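Each reported figure results from applying straightforward, stated rules to the coordinates on display, with no laboratory input. All values reported here derive from a predicted model rather than from experimental measurement. Because the Cβ atoms are built from the backbone with ideal geometry, glycine has one as well, and the counts that use them run over all protein chains shown.
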Amino acid sequence: AVTAKADNKTLRSFVDGSYQQILVAHEGRPLVLVIWSLTCSSCLKEMSSLNEWRKKTPDVEMILLSTDDISEQAEVLNILQKHELDGLENWIFADDNAQKLRFQIDPRWYGEMPRIYFFNAKHERTGISGVLSEQEYRDRISSL
């Protein structure tokens, strides 16, 4: 469900089952899932890099998922627009049970951010917590 719009840019509600929905929608294609939050200073610093990486690797789909509460959607959209990431597929947690949503993404992920998942075309994934250098990002993308 679309929960917020700004200049035709949308922020989708991430609820129970959304993770599987994302995987099915992008089946057979490499994918990068970036999980971030307004309260994560490293995430916010990385936004400009994400935009640069996206421009350099347009053949790899990048999806952003904010773990912030749905009530903060306006601020989330502002950050995405500021960094020219609002044209991507963007999601925001929209379930009171954030722990359940994190578990559906990855039972071994405990909420540390930023968190990036790299999926190859078979959707075998690698999850990395923390800020990546451009070289690390390029290496991961080239191995997809």
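A few comments on the model shown:
- Helical mean residue ellipticity (222 nm; -39500 (n - 2.57) per DSSP H run of 4+; nearest 500) of the chain: -10500 deg cm²/dmol
- Distant-in-sequence amide H partners of Met62 (H built 1.01 Å from N, under 5 Å): Val32
- Shown for the chain: lysine pairs separated by 8 or more places, or found on different chains, whose C-alpha atoms are under 16 Å apart, numbering 4.
- FRET efficiency, 1/(1 + (r/R0)^6) with R0 41 Å, evaluated for His123 and Ala98 via beta carbons: 0.95
- The gain in end-to-end length when the Gln81 to Val24 segment is fully stretched comes to 17.9 nm, 0.36 nm per residue minus the alpha carbon separation.
- Residue exposure proxy: Glu46, Glu27, Glu136, ordered by other Cβ atoms within 10 angstrom of their Cβ from fewest to most, comes out as Glu27, Glu136, Glu46.
- Antiparallel DSSP beta bridges within the range 2-142, percent to nearest 5: 50 percent
- In terms of surrounding Cβ atoms within a 10 Å radius of their Cβ, Arg115, Arg54, Arg125 rank from fewest to most as Arg125, Arg54, Arg115.
- From phi via Karplus (6.51, -1.76, 1.60), per-residue ³J(HN,Hα) for the range 124-129 in Hz, x at Gly/Pro: 6, 10, 10, x, 10, 9
- What the phi angles of the range 111-120 give under the Karplus curve with 6.51, -1.76 and 1.60, with θ = phi - 60°, is a coupling list of x, 5, 9, x, 10, 10, 10, 9, 10, 7 Hz, glycine and proline written as x.
- Rounded to the nearest whole Hz, the Karplus-based 3J(HN,Hα) values (6.51 cos²θ - 1.76 cosθ + 1.60, θ = phi - 60°) of the range 89-105 follow the sequence 6, 10, 10, 9, 4, 9, 9, 4, 9, 4, 4, 5, 5, 4, 4, 5, 6, with x at glycine and proline.
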